[in-house]
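Trainee: Let me begin by handing over the structure; questions about it come next.
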Amino acid sequence: MVKEYNVIIAGVGGQGGLTLSRVIAEAAFISGYEVRTGETLGMSQRYGSVVSYVRFGTEVKSPLPTYGSANALIGLEPLEAVRVLRYLNKEVTIGVVNAEPIPPVLSALSVVKKWGSYTYPDVNELINIIRSNVKELYVVKGYEILKRFKASRSLNILLLGVYAAHPSNPLSSKAYEEAIKRVLRRDVELNLKVFNEGLRIGKEILKL
Amino acid sequence: MFITLRVWGVVMSSHKLLLPPGSKALLMGNEAIARGAIEASVKVVSGYPGTPSSEVIMSLSEVANELGIYVEWATNERVGFEICLGASFAGIRSLCTMKAPGLNVASDSIVSAAYSGVEGGLTILVADDPGPHTTQTEQDSRWFAELSKLPMIEPSDPQEAKDFTKLAYELSERLKLPIILRTTTRVNHTVGNVSYGDVVKLNRVPKFVKDTQRYVRASMKGNLARHKWLNSQLGKAEGIANELGLNKVLYDGKVAIVTSGVVFNYVYESIRKLGIEDKVKIIKLGLTYPLPKKFLLNELSNSDKVLVIEELDPYLETKVRALVHSEGLGIEVLGKGSLGIPLEGELTPSIVAAALSKVFGKVVREVGVTEVKVPPRPPPMCAGCPHRLTYYALLKSIRKCGYDLSEVPIMGDIGCYALSYEPPYEAIWTEHAMGASIGLAIGLKVSGYDKPVIATIGDSTFYHAGIPALIEAIHKNIDILIVVLDNLTVAMTGHQSTPESEITETGRKGTPVPIESLVKDLKLKFFSIINPYNIDEAINTFVKALKIRGPKLVISRAPCALLVIREGRLIGNKRYIDHDLCKTCYLCITEVGCPAIHLIIKDGKKYPVINEELCVGCGHCDYVCPFNAIKEVGGDG
C-alpha cells in the first residue's frame, strides 16, 4: 500500500476529466485505499479549464495536493497540461498527454487586434515544455485512435489505459475495469474496449 | 449512481445512498450530507440550486420517492427555508440547502427563526466558496451565525459531512434552534471514503401547537422574552457539542493550532510531512459558533502559543484572541498577518505547509517549476447556446436603432448568460446579485439616464427575485426593456427544474407556471415571445421594443443547447466551412465566438474551421457569413 499517490488530470470542460477522476478514485477505493478527489473548474458547463486531483494512500486526508507532488499527470489537452506545471515533479511524474489541441475561443478571436495576444502556441512546443517537467512522458493522438472505435467521448478512458500500463501505477487493471463499470452510466462495454486499447498502446510504447 | 447488491441471496437494485448501515462507499461531500439527512430521518428537503451546494438535493431527489420524503427545489432560498421551517414547527425534521449568497436571500426569515426556534430539527446547509470558484463574492458566512445567533458547525471531509449532518438534528432538537451547517467548496465537492451509520427511526405525525408568544413576532414584550430564551439556549450549545464529539484534539505538543473545516486536512498533512507531531496540538473545532470557550480554555491551558489557521476572514482568530486576552492566558496568538496566510482566496496545502515550516524553522523542499504563460481559457457560452443568439440580436438591434453600443447599458444577471461579458460580445455591463438586473436598470432610468436601458435576466433568476422588480418597473412606468432569457432550466448549476417545468425535481407532476402567465394582465407597453434561433425576427422584435417608451418585456425562449444534445437531437444540421468560398473575413469568429470554430493554417493563411463533433447546428455562423461559405453537412452544397 502506498502512503500517498497523486494524480492530476487537466483538460477542457466536456472532455471527461471529472468522470476520469471518479473512475480512478473508485479504483483506489476498490483497492482498499483512503481516497480524496478535488477539482478546480470554471462557472460554465463546458469548454473552460478543468483540473481534477485524485489522491489516495494511507496518509491522505486533503483533497488538494501540494505543488510538485504529482505522481501522474493525465493531460486531455496539451495547453491545459501546461497550465498545471506547478504540480509536476521532474523526478517523479509520469505523464500521459493527448497532443490534439482544443483552442480556446480567445485564440480564434486573436484575428482581431484588440484580442490579439492569445494565439494558440505550437503543440510541439507545449509538449516539450511538459516533457522537461516530468520524469517520463507518453504522447498520444487520442481522438484519432478513438475514431476507429466510434468513441469520441472516451478520450479520458483511453488515456487511463495508457497510464495504467505503466509499472509505477499502483492500481490493477482489474480495479480500473470494475471502477469503469461502477462509475460510467453509459457505454460500459465500449469503454472497457477503449481502456484495453489504451493498455495495449501503453505496453507497446513501454515495450512490455 | 445505481449499483447492484446482494441481500440474503436476492439481487436487488439499490441507490448508493440507501446501502445498509456499516456499508462503505465513496461519496462526494454533498452526497454525504444527503446520506446524513437520510440517517437523521429528514422528511422535508428544500432549497435553491447554487454551486457548490446543489448535489445534496440532486442526489436526494433520486431516492425521495423510495423513501417517501419531500425533496424539491423552491423558487428561491427564502421560500425554501420557510418550507423547511414550517415543517419543523410541526415537529418534522427538515433540511434547507443554499450557497452563500442564498443565505442573504433567506436571512430575514432565518433571523426570526432564531426567536421562534424549531420543534423538529432543522439544518441550514450554507456552502461558502473561498477561491472564489463560482460565486460573486467570497462571503465568509461564519459571521452570519453570530448575527443570527444560530449555532454553526463545520465538517472537514465527506465522512464528517455525513456525521455532522446527522448530529446537527440532535443538536437542533436539544437546543430547539435551527443549525447552520457551513461548508466550503472543498468539502462539498470532495469525494472521499464514507462509512454509513444507522437510520434513526422516527414516526412523527405533524402537529402544530398554537403558541403566539413563540410564533407571532408582533408582541415586542414577547420578542424580548424570546431573545432572552435564545441567549440561554446558546449557552447550552457548547456542552451538547462537546458531548456529541464535534470538537476534537489531535497530538499533545506545546504549540496549539486552532483550525476548522477543510483547512484541518492541510494542517494535518503538513504536520505529518514536517515531522512535528510532538510539537503541536491540533484543536479542530466542529462548533464554530458559539465559540466553545470551555473546551478551548482547557486545551490551551498548557500551550506556549496558539496558531489560528483558517480560510478567508480572521473569524476564529478574533475570537481566540479575545478569549486569550479576557482570560489572561498571556500566550502569543499568531494568525493571518503573522503567519502570512492570505485574507482572500482559498488556502492550499502548500500555503499551510509554508506557514508552518516558517514557525517551526523547517525548510520545505522547493520544487523548481517555472510557470509558463499560456492563453487563458475563460468559459464561453456553449456551441449553439440560445443566449448567444439573444445577445447577438440585442447588440444588432441597438445599432439598428442608431445608438452606439457604449450608450445603451445592458444589465446582466446571475446565470450562464453572464458569460456574455467575454469577447466577442462584451455585452453585459453588470452582474450583481440574483434579480438585480431589473432594479439596477430602473435606478439608472430614474436617475435621468436618457438612452435606452436593457435588463437581461434568466428564467430561474426571474422567478427567484426578478418579479418584485418587474412590478416596480410597471407600477412606476419605467422606460426599460426587460429580456427574459428562458432556456427552460437552471443551466449553470447543472440543469435543475424551474417553476416552468412540467415535472418537478423528484419526478412529480408539477403545474407549470409560464412567465407569460405572470405578466399577461400587466400593463406592459410591449410584450413578445421570440425564438432566438430566428435571428431576423429576434432583431426586428428588439428594434420595435427599443422604439417604444415605457416598460417592455420580451421572453427569448429556446431550451438549453446541452439539453437538446442530451436528448440526442441537434438544433439544425451541422455546418462546415467551404474554404474555396471563404474570404477569411472571420465574421464567423468575431460575430459569433463559438467554441466549435477555430483557426487552422492552410497555404500560409488562417482559415476558420468548424469542429464537427462540437457543432450542434444552430446556424449562427451560417447567418453571419456574407459569402455563403458555410454549408450544412450532408446538404447539397
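Trainee: So which of B:329, B:312 ends up being assigned to a loop (DSSP other than H, G, I, E, B), more than 10 Å from every other protein chain (Cβ to nearest Cβ), farther than 30 Å from residue B:484 by Cα and within 35 Å of the chain's Cα centre (by Cα)?
Mentor: Testing whether each residue is assigned to a loop (DSSP other than H, G, I, E, B), more than 10 Å from every other protein chain (Cβ to nearest Cβ), farther than 30 Å from residue B:484 by Cα and within 35 Å of the chain's Cα centre (by Cα) leaves just B:312.
Trainee: Additional query: Which residues, taken from segment A:46-65, are polar (S, T, N, Q) and either under 17 Å from the mean Cα position of the chain (by Cα) or at pLDDT 95 or above (or both)?
Mentor: A:49, A:52, A:62
Trainee: If you don't mind, there's one more thing I want to ask. Restricting segment A:106-118 to residues that are at the interface with chain B (Cβ under 7 Å from one of its Cβ atoms) and assigned to a loop (DSSP other than H, G, I, E, B), which is nearest to the chain's Cα centre (by Cα)?
Mentor: Looking at the filtered set, the residue picked out is A:118.
Results for (1) touching a Leu at 6+ places or on another chain (Cβ under 7 Å); (2) in a loop (DSSP other than H, G, I, E, B); (3) among the hydrophobic types (A, V, I, L, M, F, W, C), shown as yes or no for each residue.
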site	(1), (2), (3)
A:150	no, yes, no
A:160	yes, no, yes
A:167	no, yes, no
A:170	no, yes, no
A:178	no, no, no
A:185	no, yes, no
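Trainee: Between B:482, B:414, B:454, which is touching a residue at least 60 places away in the same chain (Cβ under 8 Å), surrounded by 23 or more Cβ atoms within 10 Å (Cβ to Cβ), hydrophobic (A, V, I, L, M, F, W, C) and within 14 Å of chain A (Cβ to nearest Cβ)?
Mentor: B:414
Trainee: Search segment A:167-190 for residues that are over 17 Å from residue B:15 (Cα atoms) and pair each with any residue that is outside any helix (DSSP H, G or I) when their beta-carbon atoms are under 6 Å apart and the residues are at least 6 apart or on different chains.
Mentor: A:168/A:94; A:170/A:2; A:170/A:5; A:171/A:31; A:175/A:31; A:190/A:151
Trainee: Say whether the condition of being in contact (Cβ under 8 Å) with a residue 40 or more places away in the chain, surrounded by fewer than 18 Cβ atoms within 10 Å (Cβ to Cβ) and closer than 18 Å to residue B:134 by Cβ is met by at least one residue in segment B:425-437.
Mentor: yes
Trainee: So if I check each of A:40, A:58, A:66, which one is free of Cβ contacts under 8 Å to residues at least 24 places away in the same chain and surrounded by fewer than 22 Cβ atoms within 10 Å (Cβ to Cβ)?
Mentor: Exactly one residue qualifies, and that residue is A:40.
Trainee: Which one is nearest to the other protein chains (Cβ to nearest Cβ) among residues in segment A:128-142 that are under 23 Å from residue A:195 (Cα atoms) and crowded, with 18+ Cβ neighbours inside 10 Å?
Mentor: Step by step, filter segment A:128-142, then rank; the result is A:142.
Trainee: Please state which of the following conditions residue A:47 fails to meet, knowing it meets all the rest: (1) at the interface with chain B (Cβ under 8 Å from one of its Cβ atoms); (2) out of contact with any Cys (no Cβ under 9 Å at 6 or more places or on another chain); (3) not in a strand (DSSP E or B).
Mentor: (2)
Trainee: If you go through segment B:367-411, how many residues are in a strand (DSSP E or B) and within 14 Å of another protein chain (Cβ to nearest Cβ)?
Mentor: 0
Trainee: Mind counting the residues in segment A:23-37 that are touching a Ser or Thr at 6+ places or on another chain (Cβ under 8 Å) and surrounded by fewer than 21 Cβ atoms within 10 Å (Cβ to Cβ)?
Mentor: 2
Trainee: Give all pairs with beta carbons closer than 7 Å in which a residue from segment B:223-249 that is assigned to a helix (DSSP H, G or I) meets a residue that is among the hydroxyl-bearing types (Ser, Thr, Tyr) and surrounded by 17 or more Cβ atoms within 10 Å (Cβ to Cβ); count only pairs at least 6 apart in sequence or on separate chains.
Mentor: Qualifying pairs under 7 Å: B:223/B:115; B:226/B:115; B:227/B:115; B:230/B:115.
Trainee: Next question, about the same structure. Quickly run through segment B:156-187 and pick out the residues that are under 26 Å from residue A:40 (Cα atoms) and aromatic (Phe, Trp, Tyr).
Mentor: Correct list: B:164 only.
Trainee: Condition test on residue B:356, is it in contact with a Pro (Cβ under 6 Å, 6 or more places away or on another chain), modelled with pLDDT of 95 or more and crowded, with 18+ Cβ neighbours inside 10 Å?
Mentor: no
Trainee: Output the number of the condition that residue B:342 fails; it satisfies all remaining conditions of (1) away from every other protein chain (no Cβ under 14 Å); (2) on the phi > 0 side of the Ramachandran plot; (3) of a type outside the set (D, E, K, R).
Mentor: Residue B:342 satisfies all of (1) away from every other protein chain (no Cβ under 14 Å); (2) on the phi > 0 side of the Ramachandran plot; (3) of a type outside the set (D, E, K, R) except (2).
Trainee: Among the candidates B:149, B:166, B:162, single out the residue that is within 21 Å of the chain's Cα centre (by Cα) and basic (Lys, Arg).
Mentor: When all the criteria are applied, what remains is B:162.
Trainee: Kindly indicate the residue of segment B:579-637 that is in contact with a strand residue (DSSP E or B) (Cβ under 9 Å, 6 or more places away or on another chain) and among the acidic types (Asp, Glu) and also farthest from residue A:153 (Cα to Cα) among those meeting that condition.
Mentor: Step by step, filter segment B:579-637, then rank; the result is B:622.
Trainee: Starting from residues that are in contact (Cβ under 8 Å) with a residue 60 or more places away in the chain and farther than 10 Å from residue B:52 by Cβ, keep the ones in segment B:133-142 and report whichever is nearest to the other protein chains (Cβ to nearest Cβ).
Mentor: Among those that are in contact (Cβ under 8 Å) with a residue 60 or more places away in the chain and farther than 10 Å from residue B:52 by Cβ, it is B:136.
Trainee: Right, next: If we keep just the residues of segment A:183-206 that are within 14 Å of another protein chain (Cβ to nearest Cβ) and surrounded by fewer than 19 Cβ atoms within 10 Å (Cβ to Cβ), which is modelled with the lowest pLDDT?
Mentor: Here the answer is A:185.
This table checks each residue for (1) surrounded by 14 or more Cβ atoms within 10 Å (Cβ to Cβ); (2) among the aliphatic types (A, V, I, L, M); (3) over 23 Å from residue B:458 (Cα atoms); (4) within 14 Å of chain A (Cβ to nearest Cβ).
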{"position": "B:559", "(1), (2), (3), (4)": "yes, no, no, yes"}
{"position": "B:562", "(1), (2), (3), (4)": "yes, yes, no, yes"}
{"position": "B:566", "(1), (2), (3), (4)": "no, no, no, yes"}
{"position": "B:570", "(1), (2), (3), (4)": "yes, yes, no, no"}
{"position": "B:579", "(1), (2), (3), (4)": "yes, no, yes, no"}
{"position": "B:591", "(1), (2), (3), (4)": "yes, no, no, yes"}
{"position": "B:599", "(1), (2), (3), (4)": "yes, yes, yes, yes"}
{"position": "B:607", "(1), (2), (3), (4)": "yes, no, yes, yes"}
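The values are calculated or read from the model by the stated rules, or taken from the named source; none is laboratory data. What you see is a predicted model, and the numbers here were worked out from it, not measured in a lab. When we count neighbours, we look across all protein chains shown, and the Cβ atoms used for this are built from the backbone with ideal geometry, even at glycine.
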